[in-house]
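FYI, it's all coordinate maths here, none of it is from the lab. Worth saying up front: this structure is predicted, and the values here are computed from it rather than measured. All Cβ positions, glycine included, derive from the backbone under ideal geometry; neighbour counts span all protein chains shown.
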C-alpha cells in the first residue's frame, strides 16, 4: 500500500526522499511535479539543508490526524 508521495525539485531526485525521511521505498510514489495531488498520500519534498526529516515527518503525520485525513 502506498502512503507517501515523493516530489522532486530542480536539485534533488524524488528517489532520495525515502532514505532521508526514513520511510520504506515500497510505500512511495515518485513524481516530478508538485501539482500532482492526492489527499490519501503524505507529500514528501526536499527540505532546507540541516532540517530534521524524521521530525518533520512526525509533524506531517500529526497534522493529518488532527485534520481527520
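Using C-alpha pairs below 8 Å separated by at least 6 residues, the relative contact order for the chain is 38 percent.
Against the compact-protein benchmark of 2.2 N^0.38 Å, the Cα-based radius of gyration of the chain scales to 1.04. Spacing of the modelled spin labels on residue 34 and residue 10, each 7 Å from Cα toward Cβ, amounts to 1.2 nm.
Estimated at 0.36 nm per residue, the fully extended path between residue 62 and residue 47 surpasses their Cα-Cα distance by 3.6 nm.
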